[in-house]
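Here is the structure we will look at, set down as structure tokens.
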Amino acid sequence: MTVEMMESLLSFYGGVFRKKDSKRIKRMHYGKTFEGRTLDVYRIRPYMKHHNLSRSKLAPVPVRPAIWVEAGFEGANIVGVQIALSVMEYLNDSCPNPELPICTYDYYILPDVNVDGLHMTENLAKQGNQKPWNKTKEPFSEPAEDCTGVYLLNNFDHGNFEAGSNNKCSGRYRGPYPMSAEETLYQQAIKSQTSPVLSITISEMGSKITAPYAHTKMEHPCKERYRALMDVFTAKTTNYTSGFYAEEHDTDYGHPLDYNDYVYNGNSFNVALEEGTVDANNKYVHSNDSVARMIKDFCDGFFHLAQYVVENDYKTSACELRH
């Protein structure tokens with residue numbers, strides 16, 4: 001899927017549904033990128049009827065469980081954006097359905113946090129340059145292109161910001177201070193106003209679902225509970241293994257995985273999709289056939305975990321978090 005195709009699909013959700021299904025699917029703006037592109041979260045209430053502004057006839061629930069999917073932190077991770085969009089499509093096509101418990105939750109989908117980085121990746125590809133670009137595009141004092149942008153996985157709060165790279169020309173530059181990037185502001189502007197019971201970030205590659213921490217290999221106080229919940233996800237998938245982020249990937253000192261774990265008291269996971277095999281020098285490039293298979297595998301695990309968490313385990317009473 002090209003960037004143009006993704007934007008066309010997002011325009012469809014943000015335009016048509018704004019008029020016809022405004023209470024079912026709502027685009028929520030929270031800012032603009034340096035290059036002037038809008039930053040949006042999509043709230044989906046799949047229990048609402050299509051093209052009907054009245055509430056579906058379900059028993060009233062004062063606070064519905066909020067499920068969050070956050071993707072596109074790395075500009076080059078285009079397949080992660082596709083996965084998030086596929087979750088939106090599935091909910092739109094399959095719900096409302098009284099036979100599907102997953103149709104009764106509120107979903108907040110952030111398909112492309114780093115939209116400038118996504119466009120930068122596509123522009124480089126058009127020039128024949130397959131170098132992955134994972135930072136944003138905000139400028140700093142250095143004129144060189146490599147010295148622009150923030151690596152978002154080192155910019156979120158509640159990790160170990162000071163340990164991140166302070167070299168503006170590094171591909172992993174942390175930014176001037178935690179949450180400095182406009183792209184992170186959805187947390188305060190929108191997410192803090194909801195009641196998240198599950199947060200899934202999509203970043204990195206390697207067919208793994210991981211739990212906190214991303215900023216340290218220190219043992220999480222809820223490790224056994226996290227292991228059990230990751231098993232719920234992998235039980236419905238064919239290619240995923242599980243572990244703890246910093247042990248499975250490079251250490252990221254300001255990852256939303258850790259922010260979500262700290263602020264929303266657990267139930268925070270990261271899903272790293274499988275590496276692409278089309279280009280030996282670029283793990284982010286996938287064939288269409290592999291993407292279709294990845295979408296199914298992710299959705300099988302994700303919706304199974306979402307239902308389990310809501311029905312059985314969304315309170316953190318099983319352990320005491322140390323903040």
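No lab work stands behind these numbers, since they all come straight from the coordinates. The structure displayed is predicted, hence computed values, not measured ones. FYI the Cβ positions are ideal-geometry reconstructions off the backbone, even for glycines, and counts take in every protein chain you see.
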**Item:** Which labelled figure in [x] 0.95; [y] 1.24; [z] 1.33 is Cα Rg over 2.2 N^0.38 Å, once derived from the coordinates
**Value:** [x]
**Message:** Skipping prolines and chain starts, which residues have an amide H placed within reach, meaning under 5 Å, of the one on Gly31, given they are 5 or more residues away or on another chain?
**Reply:** Leu39
**Request:** Indicate the gyration tensor shape class of region 137-262 (rounded, prolate or oblate), computed on the Cα atoms with a ≥ b ≥ c the square roots of the eigenvalues: a/c under 1.5 is rounded; otherwise a/b larger than b/c is prolate and the rest oblate.
**Result:** prolate
**Fill in**
Total charge of the residues flanking Met120 in space, meaning their Cβ is under 13 Å from its Cβ, with Lys and Arg +1 and Asp and Glu -1, is -3
**Request:** Only helical DSSP H runs with n ≥ 4 go in: add -39500 (n - 2.57) per run for the chain, normalise by residue count and round the 222 nm mean residue ellipticity to 500 deg cm²/dmol.
**Result:** -9000 deg cm²/dmol
**Fill in**
Hydrophobic long helices for the chain, i.e. whole DSSP H runs reaching 18 angstrom or more by Cα along the axis with Kyte-Doolittle mean at least 0.0, come out as 3-20, 78-94
**Prompt:** Points 7 angstrom from Cα along the Cβ direction at His50 and Ser141: gap in nanometres?
**Reply:** 5.7 nm
**Request:** Could you pull out the pairs from Lys135/Lys296; Lys26/Lys217; Lys191/Lys296; Lys137/Lys283 whose alpha carbons sit more than 30 Å apart here?
**Result:** Lys26/Lys217
**Fill in**
Taking the alpha-carbon centre of each part, the distance from region 83-126 to region 215-265 in Å is 21 Å
**Message:** How large is the translational diffusion coefficient of region 68-118 in µm² per second when you combine the Kirkwood radius over alpha carbon pairs with Stokes-Einstein at 20 °C and 1.002 mPa s?
**Reply:** 184 µm²/s
**Prompt:** Where nothing but the Cβ of Lys and Arg (+1) and of Asp and Glu (-1) is charged, how large is the charge dipole of the chain around its Cα centre, in debye to the nearest 20?
**Reply:** 1340 debye
**Complete:** Diffing region 172-184: the Karplus 3J(HN,Hα) column from phi (6.51, -1.76, 1.60, θ = phi - 60°), in whole Hz with x for Gly and Pro, holds 10, 4, 7, x, x, 6, x, 6, 6, 6, 4, 5, 8
**Request:** Take the Cβ-Cβ distance between Cys169 and Asn281 as r, set R0 to 30 Å, and report the resulting FRET efficiency rounded to the nearest 0.05.
**Result:** 0.90
